[in-house]
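Have a look at the structure below before the remarks.
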Amino acid sequence: AKARVVVIGGGIGGATVAKYLAATATAIEVTLVEPRQSYATCFFSNLYLAGLRPFESLSHGYEALAKQYGITVIHESAAAIHPAVKTVALNNGSKLSYDRLVVAPGIAFRDRALNGYDEAAMEIMPHAWNAGQQTRLLRQQLESMEDGGLFVLVAPPNPFRCPPAPYERASLVASYFQRRKPKAKILILDAKDSFNAQDLFQDAWNRHYPGMIEWLPAQFTGGVTAIDAKTRSVITEGATFKAAVANVIPAQMAGRLAQQAGLANQSGWCPVDPVTFESALQPGVHLVGDAIIGWDMPKSAFCANSQAKACAFAIAADLTGSARFPAHLFNTCYTYLAPDDAFSNAISFKPVDGKLKSVISFISKVEESSEVRRQAARAAEGWYDAFTHDVFG
Ligand code: FAD
């Protein structure tokens, strides 16, 4: 009988593992468990929020993975993992057996990270940190906001999904306001005292949107402690900020299933082997993507995809005796400051002493010419198409 691999989570990490296993190891039967019929990318969702891309362009189905690669795609949620008997229980009551399991559930929000920010409050002050209905809701709110309104963005503590993304969001929403609501203001209330690529962002905010974006670090405000959805207010230790539109991005941890299955440690994230991505807590179970402790690797789609390939080759080698490849782990990231101004970086990662250490190949600088930035903005579009093809077929 063929060896069976079950992959839980059809996001960037899980879909890539499933595809690369199915494409390269024909002796393995691959099943992908994902509740949603189509996946909407978080990357480029900030362009959608700015009115620069239709929502449909962010959506990707699972047809190619099923038809071209022979993956069994089951649109259900995994409810529990039973590693002792190597089975996964699905929400519909059925069970799947596996020889190896891959878990890639993405992120969850930490309970009680912000007082008052519950499921109901999310429908009034969206996080839009998983792409889909939340992203559309935030776009609708930005569109119907009056000119002169205050947009409050609550930025999360480290570590979190996509370190530059809250600030890219502020930049692109500012570009939208500049075109349509020039009297609007943006206030970023941060849980941190500094942020990713801060020099590049602050330089761009001065050049493109003078006076529109204000960033308040935690040391000034004491940090956001509570939310009052009824009045759409964000509450810090010393002040209350009433928003016309609020985007609240709470503190994060590994997805719920990883917590329930004992795959996360006290940090809330999942420790793994840096070469095979096998869980340090549960043999036979591998994890990739935002849910893991990645050391120097940021929580990005590019990293999830890169980890997924290394993980797929390691599983294939274990189950079929195929050649072991040294892991090539990489991150390339394009970040928009304005529609025709993007910066980029390219970083590789090597296992050193059981951790992943970064080796920087390229990182954008403040002094770059506007032509270089324009080219990066165009290159990003090509990257989006090639990358989503690599993941979803
Ligand atoms: P996800 O892609 O979130 O996938 C997790 C999947 O697991 C989901 O489909 C979910 O439905 C499924 N799932 C969860 N629980 C279960 C369960 N119990 N059973 C079955 N399925 C389950 N990254 C970049 O590289 N470049 C960028 O430019 C970039 N921009 C970003 C902008 C924004 C605004 C945001 C928020 C993120 C951005 N990212 C970017 C980060 C990127 O989106 C994530 O790092 C990436 O999606 C992580 O992949 P993942 O597979 O770990 O999780």
- Out of the residues in region 264-292 that are of a type outside the set (D, E, K, R) and touching a Gly at 6+ places or on another chain (Cβ under 8 Å), which is nearest to the ligand (Cβ to nearest atom)? G289
- Note on region 177-210: residues surrounded by 19 or more Cβ atoms within 10 Å (Cβ to Cβ) and outside any loop (DSSP other than H, G, I, E, B) are F177, I186, I188, L189, D190, L200, F201, A204, W205
- Residue list for region 286-314, filter: β-branched (V, I, T) and surrounded by 24 or more Cβ atoms within 10 Å (Cβ to Cβ): V288, I292
- Message: K67 - would you say it is among the basic types (K, R), free of Cβ contacts under 8 Å to residues at least 12 places away in the same chain and either near the ligand (Cβ under 10 Å from one of its atoms) or more than 30 Å from Q178 (Cβ to Cβ) (or both)?
- Response: yes
- Scanning region 209-234 residue by residue, those among the β-branched types (V, I, T) and without any contact (Cβ under 8 Å) to a residue 60 or more places away in the chain turn out to be I213, T221, T231
- Query: Which one of these is open to solvent by less than 40 Å² (accessible area, probe 1.4 Å), closer than 22 Å to P157 by Cα and within 16 Å of the ligand (Cβ to nearest atom): I227, I213, I249?
  - Reply: I249
- Enumerate the pairs (first residue in region 378-393 and within 16 Å of S300 (Cβ to Cβ); second residue anywhere and part of a helix (DSSP H, G or I)) with beta-carbon separation below 6 Å, excluding pairs fewer than 6 apart on the same chain, so at least 6 apart or on different chains. V391/I12; V391/A15; V391/T16
- Check off (1) over 29 Å from Q141 (Cβ atoms); (2) within 15 Å of the ligand (Cβ to nearest atom); (3) touching a residue at least 60 places away in the same chain (Cβ under 8 Å) for I28 and give me the number that stays unchecked. (2)
- Message: Return the residues of region 13-24 that are open to solvent by 10 Å² or more (accessible area, probe 1.4 Å) and either hydrophobic (A, V, I, L, M, F, W, C) or more than 16 Å from the ligand (Cβ to nearest atom) (or both); say none if nothing qualifies.
- Response: A22, A23, T24
- Item | region 339-365, residues that are surrounded by 13 or more Cβ atoms within 10 Å (Cβ to Cβ), closer than 20 Å to Y167 by Cβ and not small (G, A, S) | P339, D340, D341, F343, N345, I347, I363
- Counting only residues that are open to solvent by 60 Å² or more (accessible area, probe 1.4 Å) and not charged (D, E, K, R), region 370-385 contains a total of 3
- Message: Of everything in region 293-331, what is near the ligand (Cβ under 8 Å from one of its atoms) and assigned to a strand (DSSP E or B)? Give them in sequence order.
- Response: N331
- Note on the structure: Residue hits (region 315-338; open to solvent by less than 40 Å² (accessible area, probe 1.4 Å) and either at pLDDT below 95 or in contact with a strand residue (DSSP E or B) (Cβ under 8 Å, 6 or more places away or on another chain) (or both)) are I315, A316, A327, L329, N331, T332, C333, T335, Y336, L337
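The values are calculated or read from the model by the stated rules, or taken from the named source; none is laboratory data. Please read these numbers as outputs of a predicted model, since none were measured by experiment. Positions of Cβ are generated from backbone atoms using ideal geometry, with glycine treated the same way; all protein chains shown enter the neighbour counts. The area values use the complete protein model at the heavy-atom level, side chains included, leaving out ligands, DNA and RNA. Shrake-Rupley method; radii C 1.70, N 1.55, O 1.52, S 1.80 Å.
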